[in-house]
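All remarks here apply to the structure that follows.
The values are calculated or read from the model by the stated rules, or taken from the named source; none is laboratory data. These numbers come from a predicted model, not from an experiment. FYI the Cβ positions are ideal-geometry reconstructions off the backbone, even for glycines, and counts take in every protein chain you see. To get the accessible areas, we keep the full protein, side chains included, count just its heavy atoms, and leave off ligands, DNA and RNA. Shrake-Rupley method; radii C 1.70, N 1.55, O 1.52, S 1.80 Å.
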Number of protein chains: 2
Amino acid sequence: MAHNPRPALEHPQLGVVPVTAVMHALSDETRLAIVHTLLAEPTGRACGTFPVDVAPSTLSHHFKVLREAGLIHQEDRGTQRWTMLRAPELDARFPGLLAAVIAAPELSTDPS
Amino acid sequence: MAHNPRPALEHPQLGVVPVTAVMHALSDETRLAIVHTLLAEPTGRACGTFPVDVAPSTLSHHFKVLREAGLIHQEDRGTQRWTMLRAPELDARFPGLLAAVIAAPELSTDPS
C-alpha cells in the first residue's frame, strides 16, 4: 500500500502577495538569517541544516511565514524538506528589495 | 509665564536601528502610504494632511512606529507637527531599500 504523503505545500503567486506581507516576513532576525543563507545557495538547502539557533517548531513557523509571503519554495524529497529562495520571482516583482535588505550592515557576516 | 511645550520627540540614530525594526515599520499599509506620500515631499508635511483614512490616535501610533524605526523626523512648529522622511539617511544606511519598497505595484498610484 502506498505511503501516505504529507499534504502538498501551498505557494502563493507572488503577484497576489501584498508588499506588507513581504515586509512582515522580513521583519524577524531568524527569517532574515534564513533568507540570507538561501541567497548564497540557489539550489536550496535541506531543513535542519540552517545556521539558526531556534527550536524546530519555531523554525517551522518561520518557514511558514516566509512561504506564505512568497519568499521561499519548499518541497519534500524523501524524508527531507528542501527549501529554496524564490529570488528570481522576487526580483521581478520587487526589483532590488532583497539585495537592499540583505545588504544591511548587521547581516554582512557570512551566515554559513 | 512661558507656555509649557510638548516634550521633545526622540529620534534614534539610524546606525542603531535594526533592519528588522525598519522592515516592521514598513509592514503596514497606512505606514507605507505615509512613507510614499513623504517621498514626494522632501520639505515634509503637516500632520492632519496625510491622505490616509484612519483615526487620529491610530495615525499617531503609526507615526510613532515610523519615528522609532528612524524612518521619519517630526518636529512641532507652532500648533502643527511637521513630518519629514529621513530619506537621505535611509538611503545611506539601506541603499535602494525605500525605492524598492515604494516601487511595489500596489503602491504605484499617486498618493496625493
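Once the label point is set 7 Å along the Cα-to-beta-carbon vector, what list of distances in nm do you get between B:G78 and its counterparts in the other copies?
So the distances to the same position in the other copies read 7.4 nm.
Once the cut-off is 20 Å, how many percent of the Cα-Cα pairs in chain B end up in the long-distance tail?
Above the 20 Å cut-off, chain B has 39 percent of its Cα pairs.
Which cross-chain or sequence-distant (5 or more) residues have an amide H under 5 Å from the amide H of B:I72, H modelled 1.01 Å from N in plane?
B:R67, B:R86
How much accessible area does A:R93 have with a 1.4 Å probe, in Å² rounded to the nearest 10?
Counting only protein heavy atoms, A:R93 exposes about 40 Å² to solvent.
Once the label point is set 7 Å along the Cα-to-beta-carbon vector, what list of distances in nm do you get between A:E41 and its counterparts in the other copies?
4.7
Translational diffusion coefficient, Stokes-Einstein: compute it for the protein assembly as shown using the Kirkwood radius over C-alpha pairs as Rh, at 37 °C and 0.692 mPa s, and state it as an integer in µm² s⁻¹.
172 µm²/s
When the chain is fully extended, how far beyond the present Cα-Cα distance does B:Q80 get from B:T43, taking 0.36 nm per residue of separation?
Working it through step by step, the gained length comes to 11.9 nm.
Could you list the GluC sites (Glu not before Pro) in segment B:1-106 that lie in coil according to DSSP, counting only those with at most 14 other Cβ atoms within 10 Å of their Cβ?
Loop-located and lightly packed - B:E10.
Defining the label point at 7 Å along Cα→Cβ, can you sort the distances from A:A55 to the same site in each other copy, shortest first, in nm?
3.6
In whole percent, how big is the carbon plus sulfur part of the accessible area of the protein assembly as shown, probe 1.4 Å, protein atoms only?
Here it works out to 56 percent.
Between A:T83, A:T37, A:T58, which gets the highest mean-square fluctuation from a Gaussian network model of chain A, Cα cutoff 10 Å?
Of A:T83, A:T37, A:T58, the most mobile in the Gaussian network model is A:T58.
Give the accessible surface of the protein assembly as shown per residue, rounded to a whole number of Å², with probe radius 1.4 Å and ligands, DNA and RNA excluded.
54 Å²
What nm distance separates the two modelled labels at B:S60 and A:D53, each placed 7 Å from Cα along Cα→Cβ?
Placing both labels 7 Å along Cα→Cβ, they lie 4.1 nm apart.
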